[in-house]
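What follows is a set of notes on a single structure, which appears directly below.
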Amino acid sequence: MSDHKAAYEILAESLEKQGIDLEAVKTALKAQHIETPSWGYANSGTRFKAFPWPGAAVTTQQKLDDAAMVHKMTGIAPSVALHIPWDRPEDDDYEAVRQYAEAQGITIGAINPNVFQDEEYRLGSLGNPDPGVQEQALDHLLECCGIMTQVNSDLLSLWFADGTNYAGQDSLRTRKRRFEAGLQQVYQHLPPNSRMLVEYKFFEPAFYSTDIPDWGTAYAWCLKLGPQAQVLVDLGHHAQGVNIEQIVTFLLDEGRLGGFHFNNRKYADDDLIVGSVNPYELFLIFNELTSATQSDDQTVSQTAKNVAYMIDQAHNIEGKLAPMILSVLNCQEAYAKSLLVPQAKLAEAQATGEVLAAHNLITDAYRIDVRPLLAQVRQEMGLPTDPISAYWASGYEEKIRQERGITATSGGYQ
Ligand code: RM4
Ligand code: MN
Ligand code: MN
């Protein structure tokens with residue numbers, strides 16, 4: 001009998017007594033899907049220094065190998081997001097990238113264009129005052145639409161570093177119009193049946209104004225663009241104290257929540273391990289998603305089912321694969337707890353204004369130790385019951401440290 005079994009049986013008995021359909025919970029957990037980012041396996045750093053990590057991936061193949069290993073350990077991370085040009089193959093053979101990924105047992109997920117690292121983008125990309133630079137950005141964005149088809153991806157994930165640092169530096173209204181025109185162009189070139197996810201961020205790298213500063217702006221543009229445009233919520237892109245679960249709920253209810261960039265923050269866009277600073281917030285977000293999935297409203301439940309769950313983190317001091325596995329597991333744990341919220345009872349307490357009773361139903365679910373349940377699910381999926389220990393025992397870390405060694409880095413990324 002494996003270690004978790006006794007604890008699992010006690011937990012299963014108590015959950016079943018509460019009327020929870022454990023088989024349904026386990027089925028949902030087995031179908032969870034968290035996408036990892038190729039850039040999370042490479043060297044990264046702060047604005048001040050990128051310390052190289054031994055064994056950090058350099059080539060796209062190495063990043064795909066690492067993503068495949070995370071999937072092998074967790075069973076719920078079957079796709080990887082690419083960042084172009086960080087993942088541009090030398091021979092531009094994206095078909096080969098797709099085939100390589102598939103041979104490792106994973107698929108290519110969201111394509112993330114990069115219109116913030118070329119010299120020309122000092123004053124922005126689509127919002128740049130120079131039409132030539134706007135054109136350059138647009139060309140790259142359209143190139144990424146083509147790459148989507150080659151790697152069989154149905155998600156274009158857009159984040160812009162655009163903004164201004166000084167009042168008067170540029171016309172805010174004109175920037176808005178340039179942006180809108182650029183996004184329209186991209187939208188028209190989306191491959192059929194694909195989606196465009198529009199990410200917002202309230203500041204950084206621009207400090208006076210940001211062209212897509214908040215979910216409201218992203219949402220307004222998605223509405224104008226059309227049904228293939230949806231908002232992407234990066235957990236690190238809000239001001240202190242913002243109620244992210246409420247934003248999530250609004251966007252779900254309007255059919256415009258497209259995806260997440262998971263990470264955690266203490267102050268700003270800290271890109272720390274998701275669930276490491278505020279696991280309760282992560283649970284509350286999953287609770288909204290779970291309740292939307294179970295909703296009778298078709299738009300809401302369909303939107304929730306199509307949400308792309310992606311990690312967007314930079315691991316600078318804690319290694320690469322083990323923290324990525326932990327991030328996936330933290331999402332799994334938050335999701336599991338959300339599946340244990342008795343939604344019908346909660347609705348009843350809410351309708352009768354039982355404030356504390358309703359609140360307790362949420363906090364009770366949050367307090368359940370679901371680790372034995374997750375170990376059981378993993379065992380049923382033929383996975384290691386403790387993925388992080390299994391990773392350390394696998395020899396993979398020693399192998400990549402030895403084979404790849406330490407690669408010199410320069411700035412913030414790579
Ligand atoms: C941004 C944003 C984007 C990510 C870049 C590197 O802050 O979160 O999603 O691609 O960082
Ligand atoms: Mn992000
Ligand atoms: Mn970010």
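What follows is calculated from the coordinates using simple rules that are stated; it is not laboratory data. Remember, it's a predicted structure, so these values are computed and weren't measured experimentally. Positions of Cβ are generated from backbone atoms using ideal geometry, with glycine treated the same way; all protein chains shown enter the neighbour counts.
Data table
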read-out	value
For peptides 205-217, 130-142, sequence by mean Cβ density within 10 Å, most packed first	205-217, 130-142
Helix-derived mean residue ellipticity, 222 nm - over the chain, DSSP H n ≥ 4, -39500 (n - 2.57), to 500	-15000 deg cm²/dmol
For the chain: rounded, prolate or oblate by the Cα gyration tensor [a/c cutoff 1.5]	oblate
Sequence-separation-based contact order of the chain, relative, with Cα cut under 8 Å and 6+ spacing, percent	22 percent
Ranking of Ser301, Ser327 by count of other Cβ atoms within 10 Å, fewest first	Ser301, Ser327
Dipole axis of the chain (+1 Lys, Arg; -1 Asp, Glu on Cβ), positive-most option in Gly146, Ala56, Leu383	Ala56
Cα long-axis angle, helix 172-188 against the chain (0 to 90 degrees, to the nearest 10)	70 degrees
Cα-based shape type of region 7-160, given that a ≥ b ≥ c are square roots of the gyration tensor eigenvalues and the cut on a/c is 1.5	prolate
Signed unit charges on C-beta, dipole axis of region 279-414, positive-most listed residue Ile400, Leu373, Ala351	Ile400
Charge-dipole axis of the chain as Lys and Arg at +1 and Asp and Glu at -1 on Cβ define it, positive-most pick from Pro191, Leu235, Met73	Leu235
Selection of trypsin sites (Lys or Arg not before Pro), region 36-123, meeting DSSP coil and at most 13 other Cβ within 10 Å	Arg47, Lys49
Ile317 paired with Ala357, simple spin-label distance in nm, labels 7 Å along Cα-to-beta-carbon	4.7 nm
Under-5 Å amide H pairs with Gly109, H placed in peptide plane, nonlocal only	Val80, Ala81, Leu82
Two-site label geometry, Arg88 and Leu142: point separation in nm, points 7 Å out along Cα→Cβ	1.6 nm
Spatial separation of Cα centroids for region 122-141 and region 234-293, in angstrom	30 Å
Entries of Lys337/Lys399; Lys305/Lys345; Lys72/Lys337; Lys266/Lys320; Lys26/Lys266 with Cα pairs more than 27 Å apart	Lys337/Lys399; Lys26/Lys266
Label point distance in nm, Leu223-Glu16, each placed 7 Å from Cα along Cα→Cβ	4.9 nm
Kirkwood hydrodynamic radius of region 287-372, from inverse mean 1/r over distinct Cα pairs, in Å	15.0 Å
Counting DSSP beta bridges with both ends in the chain, the antiparallel % (nearest 5)	15 percent
Gain upon complete extension [Val277, Ala103; 0.36 nm per residue less C-alpha separation]	59.1 nm
Backbone N within region 5-41 under 13 Å of label point (7 Å from Gln379 Cα along the Cβ vector)	5-12
Ranked list, fewest to most other Cβ atoms within 10 Å of each Cβ, for Ser79, Ser157	Ser79, Ser157
Table column - 3J(HN,Hα) (Hz), region 193-209, Karplus curve with 6.51, -1.76, 1.60, x for Gly and Pro	6, 10, 10, 10, 9, 9, 9, 10, 7, 6, 7, 6, x, 8, 10, 8, 9
Loop-located GluC sites (Glu not before Pro) in region 325-388 whose Cβ has at most 15 other Cβ within 10 Å (DSSP)	Glu354
Cleavage-rule hits, GluC sites (Glu not before Pro), region 41-104, DSSP coil, Cβ neighbours within 10 Å at most 12	Glu90
Degrees between helix 355-367 axis and first principal axis of the chain (Cα, 0 to 90, nearest 10)	90 degrees
Degrees separating the helix 371-380 axis from the principal Cα axis of the chain, which is the longest one	80 degrees
Built amide H within the under 5 Å cut-off of Glu35, gap 5+	Tyr309, Met310, Ile311
